[in-house]
1. For residue 18, only one of the following conditions fails: (1) free of Cβ contacts under 8 Å to residues at least 24 places away in the same chain; (2) under 20 Å from the mean Cα position of the chain (by Cα); (3) not in a loop (DSSP other than H, G, I, E, B). What is its number?
2. Could you run through segment 71-121 and say how many residues are part of a loop (DSSP other than H, G, I, E, B), open to solvent by less than 60 Å² (accessible area, probe 1.4 Å) and farther than 18 Å from residue 49 by Cβ?
3. Output the number of the condition that residue 57 fails; it satisfies all remaining conditions of (1) at pLDDT 95 or above; (2) basic (Lys, Arg); (3) in contact with a strand residue (DSSP E or B) (Cβ under 7 Å, 6 or more places away or on another chain).
4. Filter segment 179-210 down to the residues that are part of a helix (DSSP H, G or I), over 20 Å from residue 98 (Cα atoms) and among the aliphatic types (A, V, I, L, M) and list them by number.
5. Every residue in segment 48-70 that is more than 21 Å from residue 5 (Cβ to Cβ) and open to solvent by 50 Å² or more (accessible area, probe 1.4 Å), please.
6. Based on this model, can you work out whether residue 56 counts as within 14 Å of residue 80 (Cα to Cα), acidic (Asp, Glu) and part of a helix (DSSP H, G or I)?
7. Looking at segment 132-143, which of the residues that are of a type outside the set (Gly, Ala, Ser) and open to solvent by 50 Å² or more (accessible area, probe 1.4 Å) is nearest to residue 167 (Cα to Cα)?
8. How many residues are surrounded by 14 or more Cβ atoms within 10 Å (Cβ to Cβ) and either at pLDDT 95 or above or over 23 Å from residue 188 (Cα atoms) (or both) if we restrict to segment 162-174?
Amino acid sequence: MASSRRYRLLCPIARALDRVGDRWTLLILRDLHAGPARFSDLQRGLTGIATNLLTDRLQQLIDDGLVERQERDFGLALYALTPLGARTRPLLFELALFGGLFPPDEEPRRPGNLRTVAVTLSSACQKAVTPEISVVATIEVDGEPFALEARQGKVTMLAGAAVAPDVVMATSYEAMIAASEGELSLADFSEKHVTMTINTPGKERELFTLLAGAMAVLQKGSEGSAQT
């Protein structure tokens, strides 16, 4: 952020906002929690952002040490979180819980891709996981795959299909949002809005236990909704 746009306050909240307080910045970080992404992936997911604005925000995140540009073969460039950028995960999760207290605007725009689900669902799963749960799953949200892995009490969720998943689960974005905000019961969610392919029998129960715990975490966070 240009020095003229900084708060110039000793307060640590102000110092954090100096780095992530601009419009779109937190949403860029949100999408990068699903793993490294091309510029076009980010632009497609951030419906409405201009090319020059995305370029500016990415450069500022790089300058602040939150994002790095990775040069790959054949001239491919990817943007990825640094270890410092990865520390925004709990901040984004708390913002997701807080946002669930408010109704969406009328006719809200749908994201151009669904990388948005990764940070919220993985964070909720992390709060719900137990050391006994060990499962690798591909979760397809409106056909867009994410690799969910829970091992030894740690959960990750990244864009792309899992390698040799125990379970492949398909659902819709709208159903996941409704279940996470308590508008759809977990029973109705699993019975009416989920299909499964089971490659390792018994692992589907571990996945459902994990997701049920995650949805309970999200629903608890949405209690006391500010809807009018």
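1. (2)
2. 4
3. So residue 57 meets the others, but not (3).
4. So the first thing to find is which residues in segment 179-210 are part of a helix (DSSP H, G or I), and the list is 179-180, 186-192, 203-210.
Checking the rest, the ones that are also over 20 Å from residue 98 (Cα atoms) come to 186-192, 203-210.
Passing the criteria: 186, 187, 207, 210.
5. At the first step, the residues of segment 48-70 found to be more than 21 Å from residue 5 (Cβ to Cβ) are 48, 68-70.
48, 68, 69, listed by residue number.
6. Numbers: within 14 Å of residue 80 (Cα to Cα): no; acidic (Asp, Glu): yes; part of a helix (DSSP H, G or I): yes.
The answer is no for residue 56.
7. From segment 132-143, those of a type outside the set (Gly, Ala, Ser) are 132-133, 135-136, 138-142; that's our starting set.
Next, only the ones that are open to solvent by 50 Å² or more (accessible area, probe 1.4 Å) stay: 132, 140, 142.
Details: 132: 17, 140: 11, 142: 16 Å.
Here the residue is 140.
8. 9
The values are calculated or read from the model by the stated rules, or taken from the named source; none is laboratory data. Because the structure is predicted, anything quoted here is derived from the model rather than measured. Neighbour counts run over all protein chains shown; Cβ positions are idealised from the backbone, glycine included. These area figures cover heavy atoms from the full protein model, side chains too; ligands, DNA and RNA do not enter into them. Shrake-Rupley method; radii C 1.70, N 1.55, O 1.52, S 1.80 Å.
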